[in-house]
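In what follows, a structure is listed as structure tokens, so that the remarks can point back to it.
The values are calculated or read from the model by the stated rules, or taken from the named source; none is laboratory data. Owing to the predicted nature of the structure, the values given are computational and were not obtained by experimental measurement. Neighbour counts are summed over all protein chains in view; Cβ atoms, including those assigned to glycine, are modelled from backbone coordinates with ideal geometry.
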Amino acid sequence: MVSAVSFVPPFFGAVAGYVAGGSGASTVATVDKFLFTTDARSTLATGLSAARAELAGFASAENGYAAGGLEGSKVATVDKFLFTTDARSTLATGLSAARNGVAGFASAENGYAAGGDTGSKVTTVDKFLFTTDARSTLATGLSAARKLAAGFASAENGYAAGGDTGSYVATVDKFLFTTDARSTLATGLSAARAFLAGFASAENGYAAGGREGSYVATVDKFLFTTDARSTLATGLSAGRQFLAGFAG
């Protein structure tokens, strides 16, 4: 099972969450939509522009984005979905290089696609300005080249947690949205892992599941005001990897 991606409008009053792509018996272009008021599921008529997995998701208030991934080979494609109609377009820019295993997160103004594998693992962080979809690439990048990290964000900062550098890591990089300056949390994850999912509330970010050598049910929680880490007593219902996260 290879990862699908999720995206949801990052504002109070969001009406639906989306889960895009992934791989079961084969890679798919399917985009499922969940209505928050009833949890009813529908499937978009459009779907992705091509079947793919190991892609990144992020969203503005108006649009959802599905970036990069594997279509048999690595791609730089970025598909964009207009929330009011679910119409799909594909950005002329795309990622700065074709890659899979990317982590996505967003501020109110910009979407970010961090790390991944172009044939080798990279530190690249691409940034998309929502008003024009113009792409730039951060001078800083990740603190180490890695793929299959989890992305989540507060109102002020984006986070890339864990991942695979050749071995699994507990690193959590933090990007200040006002300047894109990168710092690395002193705490990190509770254990080195990859193939995990990220999601966030207004107050906390979560890094859920993944692989530490075996599949784990661990859910780490980061308090945005201090970046202090705790670990949920509950965890997931079972240990698993290649999962996707989103929040209303």
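Does region 54-62 contain at least one residue that is surrounded by fewer than 23 Cβ atoms within 10 Å (Cβ to Cβ), more than 16 Å from ALA160 (Cα to Cα) and modelled with pLDDT of 95 or more?
Taking every residue of region 54-62 in turn, none turns out to be surrounded by fewer than 23 Cβ atoms within 10 Å (Cβ to Cβ), more than 16 Å from ALA160 (Cα to Cα) and modelled with pLDDT of 95 or more.
Taking region 132-162 only, how many residues are surrounded by 15 or more Cβ atoms within 10 Å (Cβ to Cβ), at negative phi, in a loop (DSSP other than H, G, I, E, B) and not hydroxyl-bearing (Ser, Thr, Tyr)?
Within region 132-162, residues that are surrounded by 15 or more Cβ atoms within 10 Å (Cβ to Cβ), at negative phi, in a loop (DSSP other than H, G, I, E, B) and not hydroxyl-bearing (Ser, Thr, Tyr) number 6.
Considering only region 212-248, state which residues are within 17 Å of SER201 (Cβ to Cβ) and hydroxyl-bearing (Ser, Thr, Tyr).
If the condition is that a residue be within 17 Å of SER201 (Cβ to Cβ) and hydroxyl-bearing (Ser, Thr, Tyr), then THR225, THR226, SER230, THR231, THR234 are the ones that fit.
Applying the selection to region 28-39, what residues are outside any loop (DSSP other than H, G, I, E, B), surrounded by 17 or more Cβ atoms within 10 Å (Cβ to Cβ) and of a type in the set (A, V, I, L, M)?
Of everything in region 28-39, just one residue is outside any loop (DSSP other than H, G, I, E, B), surrounded by 17 or more Cβ atoms within 10 Å (Cβ to Cβ) and of a type in the set (A, V, I, L, M), namely VAL31.
Restrict the check to region 40-51 and report whether at least one residue is surrounded by fewer than 23 Cβ atoms within 10 Å (Cβ to Cβ) and farther than 23 Å from SER26 by Cα.
yes
Please state which of the following conditions VAL219 fails to meet, knowing it meets all the rest: (1) of a type in the set (A, V, I, L, M, F, W, C); (2) surrounded by fewer than 17 Cβ atoms within 10 Å (Cβ to Cβ); (3) free of Cβ contacts under 8 Å to residues at least 24 places away in the same chain.
Going through (1) of a type in the set (A, V, I, L, M, F, W, C); (2) surrounded by fewer than 17 Cβ atoms within 10 Å (Cβ to Cβ); (3) free of Cβ contacts under 8 Å to residues at least 24 places away in the same chain one by one, VAL219 breaks only (2).
Condition first: among the β-branched types (Val, Ile, Thr) and either within 21 Å of the chain's Cα centre (by Cα) or at positive phi (or both). Now tell me which residues in region 25-45 satisfy that.
THR27, VAL28, THR30, VAL31, THR43
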